[in-house]
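Nothing in this text is a laboratory measurement; each read-out follows from the coordinates by a stated rule. As the structure is a prediction and not an experimental result, all values here were calculated from the model. Please note: Cβ atoms are built from the backbone with ideal geometry, for glycine as well, and neighbour counts cover all protein chains shown.
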C-alpha cells in the first residue's frame, strides 16, 4: 500500500494542529506515529480516514483520496476506547460493519470472534465484558471487512501489560493473515517499537520531526528483549519529543 | 424480597390513609362535602359504574390517540432532521418558542376549531405530548459517543442505516424518558380539553362535579384519571423492559 502525505496543514478555526507534514510510505506493513498529547496524532489519523478534510495539502492512499478509500471499504479504524454498540452482543457488534456494507459473510465474523478467543462470549453485551475483552471485540470488528489499511488510535492505552502483550500478538497475527497495512498513533514509544517497523515522530506543534526505521522481525513482545534491542531508537525518539 | 417489603409498607400506608379519611369525613360535614369518604365513593362507583367506565374509556382513547399522534409526528420530524441536519437549526427554536405559550390556554381554541367531539381532545393531547418526546429524542441523539458516529462514517452507513442502527437504538433511553413524561401529559391534555366542552369524559365529570358540588363524582373521576395515567405509564415501562434490555438489565 502506498501512502503519500504532502505539505499537510490542518487547523480548527484559528488553532493550528498540523503544520506542513509530509511523508510517504510504499509497500510497508507497519507504521507508528508518536508524539506528545496535542501533537495532532489523532487528527492525522482522522485525515487519513477521510473523516476530516485538510486545510491545505494532499493525502493519497494507493493513488486515491482517503474518502474514496473509506467508501470502498479499504480502511478500518480502531478507536481509543473499544467503541462498541452497547445495545448489541459481541456477535452483533462484529457483524455490524458487514450489515452496513450489505455483506452477508457472517460466518467470517464468527471465525474472527473465535480467533480472538471470544466465541463462548458471543452472546454477551459489552457491559458484561472486561476492558481487554472489549478491545478484542473491537479488534475482530476491525478486520471483519478485510481492510487494506488499519488505522489505530491508541486502542491499547487503557489496558494492563498482560492484555497488551496478548493483543499485540493477536493484532500482528491478524495483520499478517489479511496482509493489511497497520498505522497506529500512540504516545507510548515502547508500543510503537513493539508494533511497527516505521516510526514517525511529531512535535507538540504538529510538525514532523523524523522518520525512524526499525529492522527486526514482528511480532515483538515484551519478553523477547525487543525494547532492550532498540534502546538507541527509544532514546532517540524520546529525546526528539522532549526537545521539541 | 426488597420489593415485597416496600409494597407491604405502601399497602399499610394506604390502609391508614383510608381509615383516617373515612373517620374524618364522619366527623366533619365540610370535610365530607369536599372530599367525600372512601365508603361513599365506593358506593357511588358501584351505582354509576356504566357511566364512569364509558367516561374513562373516552378519555383513555383521547389520551392514547394524542400520545400516538405526538409520537409519530415527533419521530417523523426528527427523521426529517436526520436527512437534513440544518433543518434542526430551524425546527428546535420553533419547538422551544412554542413552549412559551401555556398550551392548555389553547384548549378553547381547539374546541372552536375541531368541535366538542373527540378530535379537539386528541389534538390537545397530541400538542401537549409532542415537545417532551421530540426534545428527549434529540437529546438522546446528541449524547451518542462521537466515536460511534465516526465508526458509522468509516463503514459507510447511509442515513437510513444510521436511523435504524444508531439513532433509534442508542437514543432509546431518552426516547422512553420522553414517552413516560408524555403519557401523563396526554391524560392532562385530554382532561383539560374536556373541561372546555365535551359530551362525555373524565374532564367533563370533574367540571360538573365542581359545579354541582358532587364530591363522589369528583373523587371517582380523579381516581380513574390517576389510574389512566398510571396504566399508560406502566405500559411504556413494560415496552421499555422488552426493547431496552441492554440498559434496563
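Within the range A:124-131, does at least one residue satisfy the condition of being within 20 Å of the chain's Cα centre (by Cα) and buried (at least 23 other Cβ atoms within 10 Å of the Cβ)? If you could, list the steps in order and put the result at the bottom.
Just the residues of the range A:124-131 that are within 20 Å of the chain's Cα centre (by Cα), to begin with: A:131.
Okay, now just the ones that are also buried (at least 23 other Cβ atoms within 10 Å of the Cβ), so none.
So far as the range A:124-131 goes, no, none of its residues is within 20 Å of the chain's Cα centre (by Cα) and buried (at least 23 other Cβ atoms within 10 Å of the Cβ).
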Looking at A:141, A:136, which one is more than 13 Å from every other protein chain (Cβ to nearest Cβ), in a helix (DSSP H, G or I) and under 19 Å from the mean Cα position of the chain (by Cα)?
-> A:136
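If I filter the range A:101-116 down to residues being part of a helix (DSSP H, G or I) and exposed (fewer than 14 other Cβ atoms within 10 Å of the Cβ), which single residue comes out as nearest to the other protein chains (Cβ to nearest Cβ)? Before the answer, list the steps.
Narrowing the range A:101-116 to residues part of a helix (DSSP H, G or I): A:106-115.
Now restrict to residues that are exposed (fewer than 14 other Cβ atoms within 10 Å of the Cβ): A:107, A:114.
Details: A:107: 19, A:114: 22 Å.
It comes out as A:107.
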Answer yes or no as to whether residue B:85 is over 16 Å from the mean Cα position of the chain (by Cα), within 14 Å of chain A (Cβ to nearest Cβ), more than 19 Å from residue B:236 (Cβ to Cβ) and loosely packed, with under 15 Cβ neighbours inside 10 Å.
-> no
Within the range A:20-30, how many residues are surrounded by fewer than 23 Cβ atoms within 10 Å (Cβ to Cβ) and under 29 Å from residue A:177 (Cα atoms)?
-> 7
Top-ranked residue in the range B:170-179 [being in contact with a helix residue (DSSP H, G or I) (Cβ under 6 Å, 6 or more places away or on another chain) and in a helix (DSSP H, G or I); ranked as nearest to the other protein chains (Cβ to nearest Cβ)] | B:173
Among A:194, A:202, A:149, A:167, the single one that is closer than 30 Å to residue A:68 by Cβ, within 15 Å of the chain's Cα centre (by Cα) and either surrounded by 18 or more Cβ atoms within 10 Å (Cβ to Cβ) or more than 14 Å from chain B (Cβ to nearest Cβ) (or both) is A:149
